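Report on the following structure.
The values are calculated or read from the model by the stated rules, or taken from the named source; none is laboratory data. What you are looking at is a predicted structure, and each value in this text was computed from that prediction instead of being measured. Don't worry about glycine lacking a Cβ; one is built from the backbone with ideal geometry, like all the others, and counts go over all protein chains shown. Note: accessible area is taken over every heavy atom of the protein model, side chains too, but ligands, DNA and RNA are not part of it. Shrake-Rupley method; radii C 1.70, N 1.55, O 1.52, S 1.80 Å.
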Amino acid sequence: SGCDGRVRLLLLPASAGLQENPIVVYYCYDAAGPLRCCLAEVTNTPWADRVRFAFAPEHDQLPKAMHVSPLQDMRSTWILRATDPGDTLSLSVSCDHPEMGRFFDATLRASRITPPASSERWAFLMPHKVAVWIYWHAAVLVWRGVSFLSHPKSVDPTAHKHETMENARRAGRLLCPALGAARADNPPPCYVWRDATQYPWDG
């Protein structure tokens, strides 16, 4: 991220052999102390593809970079906000669509607790619950008539990435917000993808 201070991590620990983190956030600080930027790593279900990108914690928006859900197309803009973790923290992700408007909002609000003696015991079966909620909500939406959309990489493994980068160029988001000015001669990409490579999610 180009920051020279500490990094804090927000994620759900694995439990009983399962890890389920739809979004992981790295909070990157300057050496002097203040929060400078955040890095998000989004994982889609059930494909387990991942995309990483930086965002300004106070408020940021950028073109949707990955087929996160088979019930949403790729035309949305992601809107993100994250507070500096202290006694409390807040993380929100919204989707704004050119036709449907702002149709999705998800917010996490958490309070600091005494560290548990065992993170495995504290998070027992939480990843499983997250997975069940994801599939349950998807089933309900399909039952209500929401269309199922196949993964773009089933047609072309790279076309949706090129389209996302073009959308980012038009939005002025080709440069990482933390490093763009400092490394204009060799700018870092605003997105880094890692596709799942094991059958059956290898496209």
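Of all residues assigned to the range 106-113, at least one qualifies as being out of contact with any Asp or Glu (no Cβ under 8 Å at 6 or more places or on another chain) and within 30 Å of ALA159 (Cα to Cα).
Scan the range 50-90 for residues that are small (Gly, Ala, Ser), surrounded by fewer than 17 Cβ atoms within 10 Å (Cβ to Cβ) and either at pLDDT 95 or above or part of a strand (DSSP E or B) (or both) and the total you get is 1.
Residue-level analysis places ALA14 outside the set of residues that are exposed (fewer than 15 other Cβ atoms within 10 Å of the Cβ) and over 22 Å from MET165 (Cα atoms). Considering the conditions (1) modelled with pLDDT of 90 or more; (2) open to solvent by 70 Å² or more (accessible area, probe 1.4 Å); (3) not in a loop (DSSP other than H, G, I, E, B), ALA106 is excluded by exactly one of them, (2). The residues in the range 24-43 that are crowded, with 18+ Cβ neighbours inside 10 Å, touching a Lys or Arg at 6+ places or on another chain (Cβ under 8 Å) and in contact (Cβ under 8 Å) with a residue 24 or more places away in the chain can be counted, and the count is 7.
Considering only residues of the range 91-103 that are within 26 Å of SER154 (Cβ to Cβ) and not charged (D, E, K, R), which is most open to solvent (accessible area, probe 1.4 Å)? This residue is MET100. Selection of the range 1-47 for residues being small (Gly, Ala, Ser), in a loop (DSSP other than H, G, I, E, B) and closer than 15 Å to HIS128 by Cα yields ALA14, ALA16, GLY17. When ARG144, ARG173, ARG169 are checked against the criterion of being open to solvent by 70 Å² or more (accessible area, probe 1.4 Å), of a type in the set (Lys, Arg) and modelled with pLDDT under 90, a single residue qualifies: ARG169.
Look at the range 149-162 and say how many of its residues are buried (at least 16 other Cβ atoms within 10 Å of the Cβ) and part of a helix (DSSP H, G or I). Break it down stepwise before answering.
Of all residues in the range 149-162, those buried (at least 16 other Cβ atoms within 10 Å of the Cβ) come to 151-153, 160-161.
Still in the list and also part of a helix (DSSP H, G or I): 152-153, 160-161.
Result for the range 149-162: 4.
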